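The values are calculated or read from the model by the stated rules, or taken from the named source; none is laboratory data. Quick caveat: nothing in here was measured; it's all calculated off a predicted structure. Note: ideal-geometry Cβ built from the backbone for every residue, glycine included; neighbour counts use all protein chains shown. Ligands, DNA and RNA are stripped out before the accessible areas are found, and what is left, the full protein with its side chains, is counted by its heavy atoms. Shrake-Rupley method; radii C 1.70, N 1.55, O 1.52, S 1.80 Å.
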Amino acid sequence: MTDRLLAVDVGGSRVKWGTAVRGEVREVRSAATERPLAALVRQVAKVHAEFPADDWGLCVPGTLDSKRGVVRVAANLDLRDVNLVDALAEAGLPRPAVFLNDVAAAALGEAAGGTLALLQVGTGVAGRFVADGRVVQGAGGLAGEVGHLRFRRGGLPCPCGSAGCVEAYAAWGGIRHRYAERGRAIATPESLLDDADRDQWAASVLAEAFEALGFAAAALVAVCDPGELRLGGGVAQAWRERLVASVRQALDASVLSDVAAATRVTRSELGDRAGLLGIARASGFV
Ligand SMILES: [Zn+2]
């Protein structure tokens, strides 16, 4: 047990960090995620040096071998089969108390010891299920990876190497890619809502994103019967009640009626703090 824990949440777009003291996360800061690996290691080492704490914990997106400290695949960070914990150790950092997937951390933070499923919609799309304060990992630690369910046969290419995944349609990375392919620029997820009011192509992009997220949400809820489905991540924050209503509709249309009726759809109110609180919980700090 430590008094003060530094929690570092490396996202596909931003690195967030803060210190957890007595169950609260304080001094939350963020900065754009640096690439490639050497720059990311320097960035995390700098944060670690500037925030003295008794211990620290780390979460990153993608598939991990947490025990060995290996990132197997993190498409949004351009990392594959990298021992991140060893790379950080070479930069002088002690081994983190916990090293876990970022959506698992956010789900732990959101659940606050209870039961819910989290659908995280940000740079990528992923889900996790927490039962009684514990992440249900599955055999390979990938339970809840609904972002890479095939949503459209022969659909858009996805960073995972497959095509037609939910993520290619609904993640911020996927939406930006669609805009770039059309020779257009988009500043924020909010601006897709504005664009959709003005032109038909943007309206179809938004409609497909909603449809893809409804598909992923239905799969997650049908498997987990979570009682509550929470929507988190930057894109979900931007689309607010419109996304909640669309997911609600998809559950009612696609999932066994008793399960759909028993599932509340809510929005994250923790924002960037969810992953940091989850790191604190996973390290036994809360
Ligand atoms: Zn994919």
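For residues in segment 11-32 being β-branched (V, I, T) and in contact with a helix residue (DSSP H, G or I) (Cβ under 7 Å, 6 or more places away or on another chain), which is surrounded by the fewest Cβ atoms within 10 Å (Cβ to Cβ)? It would help to see each step written out before you state the result.
If we filter segment 11-32 for residues that are β-branched (V, I, T), which is where we start, we get 15, 19, 21, 25, 28.
From the residues that got through so far, the ones that are in contact with a helix residue (DSSP H, G or I) (Cβ under 7 Å, 6 or more places away or on another chain) too are 15, 25, 28.
Details: V15: 19, V25: 25, V28: 15.
Checked segment 11-32; the qualifying residue surrounded by the fewest Cβ atoms within 10 Å (Cβ to Cβ) is V28.
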Item to check | Matching helices (runs of 4 or more DSSP H) fully within segment 109-220 where at least 1 residues are among the aromatic types (F, W, Y) and either within 16 Å of the ligand (Cβ to nearest atom) or open to solvent by 30 Å² or more (accessible area, probe 1.4 Å) (or both) | outcome: 166-170, 172-181
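Yes/no matrix, rows are residues, columns are (1) out of contact with any helix residue (DSSP H, G or I) (no Cβ under 6 Å at 6 or more places or on another chain); (2) in the same structural domain as L276 (by TED's automatic domain parsing); (3) over 27 Å from W239 (Cα atoms); (4) among the charged types (D, E, K, R):
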site	(1), (2), (3), (4)
N83	yes, yes, yes, no
V98	no, yes, yes, no
L119	no, no, no, no
V125	no, no, no, no
R128	no, no, no, yes
G138	yes, no, yes, no
G144	yes, no, no, no
R152	yes, no, no, yes
A168	no, no, no, no
Checklist entry - Are any of the residues in segment 27-43 of a type in the set (G, A, S), outside the structural domain of G124 (by TED's automatic domain parsing) and touching a Gly at 6+ places or on another chain (Cβ under 7 Å)? => result no
Checklist entry - Looking at A274, A250, which one is crowded, with 20+ Cβ neighbours inside 10 Å and in contact with an Asp or Glu (Cβ under 6 Å, 6 or more places away or on another chain)? => result A274
Next on the checklist: Just to be sure I understand the filter: pairs with C-beta atoms under 7 Å, separated by 6 or more residues or on different chains, first member in segment 65-91 and over 14 Å from A38 (Cα atoms) and β-branched (V, I, T), second member at pLDDT below 95 and in a loop (DSSP other than H, G, I, E, B). Which pairs pass?
Outcome noted: V71/G62; V73/G62
Checklist entry - In segment 33-53, what count of residues is obtained for those that are farther than 16 Å from F99 by Cα and either open to solvent by 30 Å² or more (accessible area, probe 1.4 Å) or at pLDDT below 95 (or both)? => result 12
Checklist entry - Going through segment 72-108 one residue at a time, which ones are touching a Leu at 6+ places or on another chain (Cβ under 8 Å), outside any loop (DSSP other than H, G, I, E, B) and open to solvent by 40 Å² or more (accessible area, probe 1.4 Å)? => result R72, V73
Next on the checklist: What pairs come out if I take residues in segment 121-133 that are of a type in the set (D, E, K, R) and pair them with residues that are in a loop (DSSP other than H, G, I, E, B) whose C-beta lies under 8 Å away, six or more apart or interchain?
Outcome noted: R128/V136; R128/A143; R128/G144; D132/G113; D132/G114; D132/T115
Item to check | Top-ranked residue of segment 54-71 - restricted to ones that are part of a loop (DSSP other than H, G, I, E, B) and within 16 Å of the ligand (Cβ to nearest atom), ranked as modelled with the highest pLDDT | outcome: P61
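So which residues in segment 241-286 are under 30 Å from G57 (Cα atoms) and of a type in the set (D, E, K, R), if there are any at all? Show your work before the answer.
First pass over segment 241-286, keeping only residues under 30 Å from G57 (Cα atoms): 265-286.
If the condition is that a residue be under 30 Å from G57 (Cα atoms) and of a type in the set (D, E, K, R), then R267, E269, D272, R273, R281 are the ones that fit.
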